[in-house]
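First comes the structure, then the notes that go with it.
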Amino acid sequence: MTKNWEPKTKIGRKVKNGEITSFEQIYKKGKPILEYQITEELLKKLEDETIDVMRVARVTDSGRKFSLNITVAVGDKNGHVAIGEEKGNEFGPTIEKAVENAKKNMKSIKRGCGSWECGCGENHSIPLTVTGKEGSVEIEIKPAPKGTGIVAGETAKKILKLAGIKDVWTKTKGTTRTNKNYAKATLKALQQTRQIRHREKE
């Protein structure tokens, strides 16, 4: 149990009382997670990666003042991943808050073996080809056979690893040097794995 956590929401209280025991119980109902501790309780072994650190300057009467705009990714390497952002003046507290924001925006994705070259049925890749777009960046993610690895740029690779994906091919368009947009496009593509499966069931 998260130390000294006193839930302020109904979902938080249900999690602490043991009435909700899995992240999927919340995610399938589309309920917002307003307390990052909920994710910490339901998803174990969360890891985080810094995606982008932007130094922003603004001019005031007393001169130029600098602040930070930090983007991070958080995941459990088991089908759950998210991106969080925060602005601040100090690196440590800002990155900590960005991680908390990511935990409140956690996404659940579908993994599988969608490659015709493999067919092992294990959750090492994704079930089908998906695409995502953010700003000028567009990414296509394709299932790959076991042993391929993650064929992607560094930013996309961080997101995919945190989601628990081991083998995929990717193709990108646009300015992938914009790390934040590249990461968001990758996450949007991964979310399609879930939405497409839902439509198939309907």
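The values are calculated or read from the model by the stated rules, or taken from the named source; none is laboratory data. Given the structure is predicted, the values throughout are model-derived calculations rather than measurements. Using ideal geometry, Cβ is built from the backbone for each residue, glycine included, and neighbour counts are taken over all protein chains shown.
The one condition from (1) modelled with pLDDT of 90 or more; (2) more than 23 Å from the chain's Cα centre (by Cα) that LYS87 does not meet is (2). Of all the residues in segment 134-165, those that are in a loop (DSSP other than H, G, I, E, B) and under 21 Å from LEU43 (Cα atoms) number 2.
What do you reckon, is TRP169 assigned to a loop (DSSP other than H, G, I, E, B) and either aromatic (Phe, Trp, Tyr) or at pLDDT 95 or above (or both)? No, not satisfied.
Residues that are surrounded by 19 or more Cβ atoms within 10 Å (Cβ to Cβ) and without any contact (Cβ under 8 Å) to a residue 60 or more places away in the chain within segment 82-98 comprise GLY84, GLU86, THR94, ILE95, ALA98, listed in sequence order. Only residues that are surrounded by fewer than 24 Cβ atoms within 10 Å (Cβ to Cβ) and either assigned to a strand (DSSP E or B) or aromatic (Phe, Trp, Tyr) (or both): list them for segment 113-133, please. Selection gives TRP116, THR131, GLY132, LYS133.
The sole residue among GLY30, GLY12, GLY18 that is more than 28 Å from ILE159 (Cβ to Cβ) and either of a type outside the set (Val, Ile, Thr) or touching a residue at least 24 places away in the same chain (Cβ under 8 Å) (or both) is GLY18. In segment 16-62, the qualifying residues are those that are under 22 Å from LEU187 (Cβ atoms) and of a type in the set (Gly, Ala, Ser), and the one that is surrounded by the fewest Cβ atoms within 10 Å (Cβ to Cβ) is GLY30.
Hey, any hits in segment 184-192 for a residue that's in contact (Cβ under 8 Å) with a residue 60 or more places away in the chain, part of a helix (DSSP H, G or I) and farther than 30 Å from LEU68 by Cβ? Yes, that holds for at least one residue. For segment 170-183, the tally of residues that are in contact with a Ser or Thr (Cβ under 7 Å, 6 or more places away or on another chain) and either free of Cβ contacts under 8 Å to residues at least 24 places away in the same chain or among the hydrophobic types (A, V, I, L, M, F, W, C) (or both) stands at 1.
Does ILE141 satisfy being in contact (Cβ under 8 Å) with a residue 24 or more places away in the chain and either surrounded by fewer than 21 Cβ atoms within 10 Å (Cβ to Cβ) or touching a helix residue (DSSP H, G or I) at 6+ places or on another chain (Cβ under 8 Å) (or both)? So ILE141 fits the description; yes.
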